[in-house]
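The values are calculated or read from the model by the stated rules, or taken from the named source; none is laboratory data. Because the structure is a prediction, the values reported are computed rather than measured. Using ideal geometry, Cβ is built from the backbone for each residue, glycine included, and neighbour counts are taken over all protein chains shown. For accessibility, only protein heavy atoms count, side chains too; no ligands or nucleic acids. Shrake-Rupley method; radii C 1.70, N 1.55, O 1.52, S 1.80 Å.
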Amino acid sequence: MRLFIALLDSYWGQRLLWLLPFLPLLWMTDLTAVLWIGLTILTLIFVKSARSATFQMVHQSIPFSLFIGTIVGCALSFLVDPWLIPLAEELTGTKMDLSQLEELPGNDGAYIEWLIVGIGFGGIWEEIAFRGFFIGWGVFLFSARWGIPFAVLISIVFGYGHIYQDLAGAVVTGVGSLVFGLTYVYCNHKLLPAIIAHSMSNFIGITQIYLYGI
């Protein structure tokens, strides 16, 4: 047991643990979410360096982190999406598929449920896993120069994970992920601005559909 723990705590062992949760995301199956989430959580529980690198939260100060996140989230929702979605649909020849939200317009219960999912899972967990774990712990293990390449790689994988929204949806979510990733990197690998940006973007998008329809 001690030998096993020592191996996991070794130079290559930690890099393997960083890579393992990433692999299920490359091949989408019914077990992808279970493997990705489970392996990430287990690594965060048992590997101290993963926790310390992942859960770096505040950039400069809490108010400044909240301000940056709010600005980025609002800009993505009100400035980027209005032209990005039509552009992605035109370039790919597909239409962004939001049929999973078809019961949301005017439905109070669905609105609350989607806010919980959009903020709790999307805004918080996805930022912890994609930005904090893969980028934050990644640059700790491989060096800071990998921050932007990791952000780009994660955005591609994140977009691919939304291919159920058709190709246009994958492009739009991939660009959104890149925005959150660059926010994280340029905020010195601190999570709070990216969490607020993602949560704000999801909140605005869900609220718009609730009020005005798909």
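Miscellaneous remarks
- Each part gets one Cα centre, and for region 64-134 versus region 160-194 those centres are 10 Å apart.
- A 1.4 Å probe run over the protein chains yields, for the chain, 53 Å² of accessible area per residue, whole-number rounding.
- Value of relative contact order over region 1-114, rounded to a whole percent, pairs C-alpha under 8 Å and six or more apart: 10 percent
- Ranked packing of 106-115, 145-154, most packed first, by mean Cβ within 10 Å: 145-154, 106-115
- Shape category assigned to region 15-74 from the gyration tensor of Cα positions, a/c cut at 1.5: oblate
- Here the Karplus curve 6.51 cos²θ - 1.76 cosθ + 1.60, taken at θ = phi - 60°, turns the phi angles of region 95-112 into couplings of 10, 4, 8, 10, 5, 5, 9, 5, 8, 6, x, x, 9, 4, x, 5, 4, 5 Hz, with x standing for Gly and Pro.
- Region 159-214 shape via C-alpha gyration tensor axes, a/c threshold 1.5: oblate
- Taking only protein heavy atoms and a 1.4 Å probe, the accessible area of the chain is 72% carbon and sulfur.
- Listed residues L182, L44, L98, most fluctuating in the chain (Gaussian network, C-alpha, under 10 Å): L98
- Most fluctuating residue given options A75, A170, A194, as computed from a GNM of the chain linking Cα atoms under 10 Å: A75
- Shape class for region 140-191: prolate, because the ratio a/c of the largest to smallest gyration tensor axis (alpha-carbon atoms, square roots of eigenvalues) is 1.5 or more and a/b beats b/c.
- Charge tally around G120: other residues with Cβ under 12 Å, Lys/Arg +1 each, Asp/Glu -1 each, net -3.
- Relative contact order %, region 85-214, counting alpha carbon pairs below 8 Å whose residues are six or more apart: 39 percent
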